[in-house]
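Here the structure comes first, spelled out in structure tokens, and everything after it is commentary.
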């Protein structure tokens, strides 16, 4: 894209420009479609991306993870894969707005075909915030963009894990955010595809509530051993974040 975004007048109808409070970066979103949530922020904090790494974001949506990680890390380059053209277009415009074209490239394509798009053993790290629900888990949102983002409409959990294993270099990491109720399935699929779970952290809405988010790092052909890190508590009281959560947002 040659034309740079100079101000909010460039936004398409229904879109808004949200300040990420990182390096002056902003992101284009459409609240009628799908906006990023706390999951992406938590994953960007959890992922340990080394200097110069070549990173793939599987299912980037509007590009939130590579934009946040470009502010936080010294990764060399981010590829970001998104199946919905409307979301891909917003992500490309956000990348251009933030002058990150030399660090982030958005590709429209299916996660289930990632290894065909990028090739085997191409990446030093994969990050993903995939759809959490399959056909057995609740009602699908009638809005197609939201349904695709939240339910396994166009790709499955196994697609995400299998393709992550294929595109990762040996001994490199997949960083995933998901829901604890699918943890047994996640571990089973990871080990099926030679991804050894190495690090895990639960996220609780309140200190006395069960976790509703899990962060997982797995390593391709890693040795068996997993570290469970201290939990993250989101709220200390209604509508009031804990200091740790505020620190994560500030990172």
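Let me spell it out: the conditions are (1) closer than 25 Å to residue 53 by Cα; (2) touching a helix residue (DSSP H, G or I) at 6+ places or on another chain (Cβ under 8 Å), and residue 173 meets all of them except one. Which number is the exception? Here residue 173 meets the rest and fails (2). A count restricted to the range 71-98 and to residues that are surrounded by fewer than 24 Cβ atoms within 10 Å (Cβ to Cβ) and not in a strand (DSSP E or B) stands at 16. Among the residues of the range 116-128, just one is part of a helix (DSSP H, G or I) and surrounded by 19 or more Cβ atoms within 10 Å (Cβ to Cβ), namely 118. Here the condition is being without any contact (Cβ under 8 Å) to a residue 40 or more places away in the chain and within 23 Å of residue 159 (Cα to Cα); of 107, 60, 128, 73, it holds for 107 alone. Return a yes/no flag: does the range 200-207 have any residue that is closer than 22 Å to residue 36 by Cβ and assigned to a loop (DSSP other than H, G, I, E, B). Scanning the range 200-207 turns up at least one residue that is closer than 22 Å to residue 36 by Cβ and assigned to a loop (DSSP other than H, G, I, E, B).
I'm trying to understand the selection: among the residues of the range 208-222, which are within 19 Å of residue 189 (Cβ to Cβ) and not in a strand (DSSP E or B)? Spell out how you get there, then give the answer.
Narrowing the range 208-222 to residues within 19 Å of residue 189 (Cβ to Cβ): 213-222.
Those that are within 19 Å of residue 189 (Cβ to Cβ) and not in a strand (DSSP E or B): 221, 222.
Table: residues versus (1) buried (at least 17 other Cβ atoms within 10 Å of the Cβ); (2) assigned to a loop (DSSP other than H, G, I, E, B); (3) at pLDDT below 95.
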| residue | (1), (2), (3) |
| --- | --- |
| 105 | no, no, no |
| 114 | yes, no, no |
| 130 | yes, yes, yes |
| 140 | no, yes, yes |
| 176 | yes, no, no |
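Of all residues in the range 51-70, those satisfying the criterion of being under 16 Å from residue 29 (Cα atoms) and in a helix (DSSP H, G or I) are 64, 65, 66, 67, 68. Residue pairs whose Cβ atoms lie under 7 Å apart, sitting 6 or more positions apart in sequence or on different chains, and linking a residue in the range 227-250 that is in contact (Cβ under 8 Å) with a residue 12 or more places away in the chain to a partner that is surrounded by fewer than 12 Cβ atoms within 10 Å (Cβ to Cβ) and outside any strand (DSSP E or B), are 233/207. Of all residues in the range 227-251, count the ones that are within 21 Å of residue 129 (Cβ to Cβ), in contact with a strand residue (DSSP E or B) (Cβ under 8 Å, 6 or more places away or on another chain) and not in a strand (DSSP E or B). The number of residues fulfilling the criteria is 7. Selection over the range 197-228 of residues that are touching a helix residue (DSSP H, G or I) at 6+ places or on another chain (Cβ under 8 Å) and buried (at least 17 other Cβ atoms within 10 Å of the Cβ) gives a count of 12.
With the structure loaded, tell me whether residue 42 is within 21 Å of residue 199 (Cβ to Cβ), outside any strand (DSSP E or B), at pLDDT 95 or above and touching a helix residue (DSSP H, G or I) at 6+ places or on another chain (Cβ under 6 Å) or whether it fails that test.
Answer is no for this residue.
The values are calculated or read from the model by the stated rules, or taken from the named source; none is laboratory data. This structure is a prediction, so every number in the text was calculated from the model and none was measured. Virtual Cβ from ideal backbone geometry, glycine too; neighbours counted across all protein chains shown.
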